[in-house]
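A.B. asks: So that we are looking at the same thing, I have put the structure below in structure tokens.
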Amino acid sequence: MRATTAPLHTLVSTCPGGNSPSTGAHGSSSRPLLDPAVLDKLRADLDDYEEVWRVFVRNFIAALPLKTDRLRLAMTTGDLTGAIDALLSIKTASQQVGAERLAALAGDLELAVREATRDRDPSGVLPWLAAEHLPRILQRAGQTCYILESHLKKTP
């Protein structure tokens with residue numbers, strides 16, 4: 001992986017193994033890593049409860065490693081129900097905090113899982129999909145947590 005000085009919200013890095021990020025059906029690499037407008041709307045909606053939005057974001061950051069671990073376990077063991085549940089959890093939680101790229105990657109993998117398991121055994125397909133998609137999702141999850149932490153620090 002090459003080093004870069006680009007800000008994380010504009011980062012389009014190479015994935016492990018030298019492959020460029022997948023744009024997938026949702027164009028995940030063209031989306032912002034974080035859409036601050038989503039967090040601004042959350043703050044505005046919770047106008048009387050200033051600290052609630054911070055707690056919400058901190059809870060997302062704390063829960064994301066658990067969500068990605070659930071996804072990894074479900075994918076590598078061929079657990080279709082667990083994989084879909086974990087993907088939906090990552091996708092919707094990411095959308096709620098404005099983590100556009102992570103939500104798009106989870107959505108892309110959800111579609112790939114549904115398509116690949118339509119006529120094939122999940123125990124044979126999901127581990128292959130995990131090898132292909134999980135490194136990108138884990139990388140994006142780490143970047144998302146970093147930029148959310150930065151956003152919390154700089155927002156009054």
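A.B. asks: Answer rounded, prolate or oblate for region 36-154, using the Cα gyration tensor with square roots of eigenvalues a ≥ b ≥ c: rounded when a/c is under 1.5, else prolate when a/b is larger than b/c, else oblate.
C.D. replies: Since a/c reaches 1.5 and a/b is larger than b/c, the shape of region 36-154 is classed as prolate.
A.B. asks: Moving on to the next point. What ranking, highest mean first, results for peptides 90-102, 119-131 when packing means the other Cβ atoms within 10 Å averaged over each residue?
C.D. replies: Packing order, densest peptide first, comes out as 90-102, 119-131.
A.B. asks: Here is a further query. Based on Cβ point charges of +1 for Lys and Arg and -1 for Asp and Glu, what charge dipole magnitude is obtained for region 36-154 about its Cα centre, in debye rounded to the nearest 20?
C.D. replies: With Lys and Arg at +1 and Asp and Glu at -1, about 300 debye.
A.B. asks: In whole Å, how far is the Cα centre of region 81-107 from that of region 125-154?
C.D. replies: Result: 10 Å between the Cα centres.
A.B. asks: Also, quick follow-up: Mind ranking 146-152, 49-55, 132-138 by how tightly packed they are, going by the mean number of other C-beta atoms within 10 angstrom, highest first?
C.D. replies: For the peptides 146-152, 49-55, 132-138, the packing ranking is 132-138, 146-152, 49-55.
A.B. asks: Starting with the highest mean, order 71-78, 110-117 by the number of other Cβ atoms within 10 Å, averaged over the residues of each peptide.
C.D. replies: By packing density, highest mean first, the sequence is 71-78, 110-117.
We did not get these values from a lab; they are worked out from the coordinates using the rules stated. Quantities reported herein were computed from a predicted structural model and do not represent experimental measurements. Note that each Cβ is placed from the backbone with ideal geometry, even for glycine, and that neighbours are counted across all protein chains shown.
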